[in-house]
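Participant: Here it is: the structure, laid out below.
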Amino acid sequence: MTTSGIELLLHSADPEIAAQVRRRVAETRDAAPPPATEPRVDWPVLAAKHLAHPLTAPECAALVARRDCPRDAALVLVAALAPGRRTHATDALEAALRRGILTPRDVLWEARPGWSAMRTVEHYASVRDGELLAPVDRLLDELAELLPGNGGSPRDAELSEDDAVAAWLWLITHAPTYSGTFPELCARAVEEGLTRDPGKPLALQEHALPRVQGLTQEPWRAHTPAGMLGRAQPSIVDRVVAFLPVYAISGIIEHRRLPPHVAVPVIRHRPDLAGPVAGRIRRTPEAVAEILALHLPHVHGGLLYYAPDIAGAHRVHLATRINAPDRVRLASFDRQRMRHLAEAEDPADPVALRCALAVYGHHPDLIREALRLHQERLGTAGILRGLLSLWQCRGRTALLDPRVSRLLTGECADIAQAALRSPLGYRRLRAALAEHEAPLALAAAIRRTPRQAYRPFPASFWPVLIDEHARDPLPKAAARILALNPDAPAAFSLGVCTADPDAAPALARRSGAHAQAALRHHPLPPPEPFRRPDRGDPDAPWYVRELTHKTITLGEFADLAFPAQRLLQAIDAFAPYFPDGAAEARDHLTARADTTLGTDPEAWVIAARILPDFPGTFPELVTTAAAAAYHA
């Protein structure tokens, strides 16, 4: 049993009762080893020297980890960037958060230099696929209200759009060397915008950017404004991007999860970078729709390579069809790249899955690759869809091509031969496809081969699927793929979320009901401290995201999550980067424990003793302990 669990349990207990419980369960708070004899440090002097000549990341982390390091010194040590570094080291920040001497809010609002502090927090909070830890992302949204043009101060309201653009241009070039806090930096930028000379044209003062060996490229990558530009007003972003030099655009491209109002201006001003920018677009249906509306081949190619789901890949392939309202053919480079990537050995590789959907488009080379490599995934319906697409874009002779005919066997070969022999061959092929794409036929095919569930479905499919699944449950693998389909009805995905612990974390974001089902029916995984990006592929537990976005409340999390000890450990694990949530959850738990266990020492002792092996929720734990003490 972890000490933190006991201390949380005893938080609302009378001090004498708490002392009795600790003695009787033979566990006390882990005493920290006496600090090694270390030379005294003049912390204000050290902080000033660090601002002038930054120490290395390991030195900063070691200093912040010292028990005598004060908060003011830590605010400086976590932020300053040593010359020549491309990224901000997060060792010192992690040490400060672990000690509890600082919170992310403290660093963002009070640390100096402010821009470096913000970039350090961004770098620390980066998780899988370029997302940010949800609690930190919300803090950055709040901080961004101070940016020029966002109306975060009375003076900001006086800015015209030209003034706001001028303030942003000043901020971009001076932020890396500004020594004050982030709020002070934004206030200074607003003043620069208000006091500019209206008669002078707007310009980016590149000479103000820090340099390494005479170049600004490397410092720019460390100080890129991409994250904060994504939180600025779209009209301002559009104009600011037009002033950025090439190397600055490259720095922005390195930032994942770009919002459309940053990506679209970048593509407009640098069309040659459309593919990489589209590949880093924020993965939401609205963002994908906005980027596809540009109707640019390299945008579609980049998005297809990084397509987030079935719907995104399907839309890209549909746009290549001859009868599409705004047809966008993929560039030869993107088609060649997809053909090579389609050879992926891993059958679950997401690129291979997106290649299989080429049967819905009108690129014959991609369709042939899909028929050659993914027949099992496509099934009869998918193969016939590919044959119909080939006929539509190349005519009857496309099916006579040896590169196609030699791939066909069994029923598909028979249907193709019958269509080729008939004067109404196209109609016969469409009729055969309609038969195999009927909802019952698709459900039966997916039951036989779960991999065929990765495809778009008509709306009429889902009611039939739900009935079939209720009559005879589908294989777990098939149900999981179908539930993750963005078009899956809640009635189906909720059932899968309840039954499948592997699918539950991804499905939890759909609604509060899904998140509650994931908590009610599946135990929490063993919590781990959040890993820094340089320790591999960092990620955070799914419930942190849902708590931040209020898909579930902290009270629901505290009452529904189990087992109880993992709940307490989970709160301790996310406390460094989500302190407000941890405090609210702890208050909820301690109030419940105090109400149920009261001042009975025996009940508290029983609760502490059964905690390590108790399988239920925290309310069940304290209720069980109270009942056991009553009957003792």
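Participant: Apply the Karplus curve 6.51 cos²θ - 1.76 cosθ + 1.60, θ = phi - 60°, to the phi angles in region 238-244 and return the couplings in whole Hz, x for Gly and Pro.
Facilitator: Per-residue couplings from phi come out as 4, 6, 5, 4, 5, 8, 6 Hz.
Participant: Here is a further query. Any idea what log10 I(q)/I(0) is at q = 0.13 Å⁻¹ for region 329-443, Debye with uniform C-alpha scatterers and no solvent?
Facilitator: Debye output, listed in q order: -0.47.
Participant: Under the Karplus relation 6.51 cos²θ - 1.76 cosθ + 1.60, θ = phi - 60°, what is the ordered set of whole-Hz ³J(HN,Hα) values for region 253-263, x standing for Gly and Pro?
Facilitator: Running phi through 6.51 cos²θ - 1.76 cosθ + 1.60 with θ = phi - 60° gives 5, 5, 7, 7, 6, 6, x, x, 6, 9, 5 Hz.
Participant: How big, on average over all directions, is the shadow cast by the Cα convex hull of region 422-550, in nm²?
Facilitator: If you wrap the Cα atoms of region 422-550 in a convex hull and average its projections, you get 11.1 nm².
Participant: Length gain on complete extension for the stretch SER153 to LYS476, per 0.36 nm per residue less the alpha carbon to alpha carbon distance?
Facilitator: Once the chain is fully extended between SER153 and LYS476, it gains 110.9 nm.
Participant: Of all alpha-carbon pairs in region 519-632, indicate the percentage at a distance above 19 angstrom.
Facilitator: Pairs farther apart than 19 Å: 47 percent.
Participant: Another question about this same structure. Going 7 Å from the Cα of GLU286 in the Cα-to-Cβ direction, what parts of region 236-268 have a backbone nitrogen less than 12 Å from that spot?
Facilitator: 260-261
Participant: Which value, in Å² and to the nearest 10, is the accessible area of SER405 when all protein chains are kept and the probe is 1.4 Å?
Facilitator: Roughly 50 Å² of SER405 is accessible to a 1.4 Å probe.
Participant: Sorted from largest to smallest, which semi-axis lengths in Å does the alpha carbon gyration tensor of region 115-160 give for its equivalent ellipsoid, taking the root of 5 times each eigenvalue?
Facilitator: With the √(5λ) rule applied to region 115-160, the semi-axes are 26, 10, 8 Å.
Participant: Something else about it: Multiply the residue separation of ASP587 and GLU145 by 0.36 nm, subtract the distance between their alpha-carbon atoms, and state the gained length in nm to one decimal.
Facilitator: Result for the pair: 156.1 nm of gain on full extension.
Participant: Give the accessible surface of the chain per residue, rounded to a whole number of Å², with probe radius 1.4 Å and ligands, DNA and RNA excluded.
Facilitator: Each residue of the chain exposes 45 Å² on average to a 1.4 Å probe.
Participant: Next question. If you line up the long axis of helix 15-24 against the longest principal axis of the chain, both from Cα atoms, how many degrees apart are they, to the nearest 10?
Facilitator: 70
Participant: Tell me, what is the percent relative contact order of the chain, built from C-alpha pairs under 8 Å that lie six or more residues apart?
Facilitator: 12 percent.
Participant: Next question, about the same structure. With a Förster radius of 51 Å, plug the Cβ-Cβ distance of HIS53 and THR623 into 1/(1 + (r/R0)^6) and report the FRET value to the nearest 0.05.
Facilitator: Efficiency computed from Cβ-Cβ geometry: 0.30.
Participant: Okay, next question. Leaving ligands, DNA and RNA out of it, rank TRP604, TRP43 by accessible area with a 1.4 Å probe, largest first.
Facilitator: TRP43, TRP604
Participant: Based only on the alpha carbon positions, what is the Kirkwood hydrodynamic radius of region 440-493, in angstrom?
Facilitator: 10.8
Participant: Follow-up question, since we're still on this one. Rounded if a/c is under 1.5, else prolate if a/b beats b/c, else oblate: with a ≥ b ≥ c from the C-alpha gyration tensor eigenvalues square-rooted, which is the chain?
Facilitator: Verdict is oblate for the chain.
Participant: Using just the C-alpha positions of region 276-406 as equal point scatterers, what log10 of I(q)/I(0) does the Debye formula give at each q in 0.13, 0.22 1/Å?
Facilitator: Per q value, in the given order, log10 I(q)/I(0) is -0.49, -1.35.
Participant: Sticking with this one: Put a dot 7 Å past each Cα toward the Cβ at VAL45 and LYS200; how far apart are the dots in nm?
Facilitator: Result for the modelled spin labels: 4.1 nm.
Participant: Could you tell me what % of all Cα pairs in region 484-533 have separations over 18 Å?
Facilitator: Taking all Cα-Cα pairs of region 484-533, the fraction more than 18 Å apart is 31 percent.
Participant: Check which residues have an amide H placed less than 5 Å from LEU258's amide H, if you skip close sequence neighbours.
Facilitator: Amide H to amide H, under 5 Å and 5 or more residues apart or across chains, LEU258 pairs with ILE281, ARG282.
Participant: A further question follows. Sort the following peptides by mean Cβ neighbour count (other Cβ atoms within 10 Å, averaged over residues), highest first: 359-370, 612-623.
Facilitator: Going from most to least packed, we get 359-370, 612-623.
Participant: Describe numerically, in nm with one decimal, the distance between label points set 7 Å from Cα along Cα→Cβ at THR595 and at ALA459.
Facilitator: Roughly 4.5 nm, to one decimal.
Participant: Something else now. Residue-wise, which Karplus ³J(HN,Hα) couplings in Hz belong to region 445-461, taking 6.51 cos²θ - 1.76 cosθ + 1.60, θ = phi - 60°, and x for glycine or proline?
Facilitator: Ordered by residue, 3J(HN,Hα) equals 5, 5, 4, 6, 9, x, 5, 6, 6, 8, 5, x, 10, x, 4, 5, 6 Hz.
Participant: At R0 = 25 Å, how high is the FRET efficiency between THR449 and SER422 if r is their beta carbon distance? Nearest 0.05 is fine.
Facilitator: Using R0 = 25 Å, I get an efficiency of 0.30.
Participant: For region 516-632, which whole percent of the accessible surface, found with a 1.4 angstrom probe, sits on carbon and sulfur atoms?
Facilitator: Heavy-atom surface of region 516-632 belonging to carbon and sulfur, 1.4 Å probe: 52 percent.
Participant: Where Lys and Arg each count +1 and Asp and Glu each count -1, what net charge lies around LEU440 among other residues with Cβ under 15 Å from its Cβ?
Facilitator: My count for the surroundings of LEU440 gives -2.
Participant: Output the Cα-based Rg and Dmax of region 484-586 in Å, rounding Rg to one decimal and Dmax to a whole number.
Facilitator: Taking only Cα atoms of region 484-586, I get Rg and Dmax of 13.7, 40 Å.
Participant: A further question follows. Counting each DSSP H run of 4 or more residues in the chain as -39500 (n - 2.57), what helix-only mean residue ellipticity at 222 nm follows after dividing by all residues, to the nearest 500 deg cm²/dmol?
Facilitator: Value at 222 nm, helices only: -17000 deg cm²/dmol.
Participant: Order these peptides, 92-99, 255-262, 516-523, 463-470, by their mean beta-carbon neighbour count within 10 angstrom, highest first.
Facilitator: 92-99, 255-262, 516-523, 463-470
Participant: A further question on this structure: Need one number: nm distance between label points at ARG430 and ASP272, each 7 Å from Cα along Cα→Cβ, rounded to one decimal.
Facilitator: Taking the two extended label points, one gets 4.6 nm.
The values are calculated or read from the model by the stated rules, or taken from the named source; none is laboratory data. Quick caveat: nothing in here was measured; it's all calculated off a predicted structure. Positions of Cβ are generated from backbone atoms using ideal geometry, with glycine treated the same way; all protein chains shown enter the neighbour counts. When the accessible area is computed, the model is the full protein with side chains, heavy atoms only, and any ligands, DNA or RNA have been set aside. Shrake-Rupley method; radii C 1.70, N 1.55, O 1.52, S 1.80 Å.
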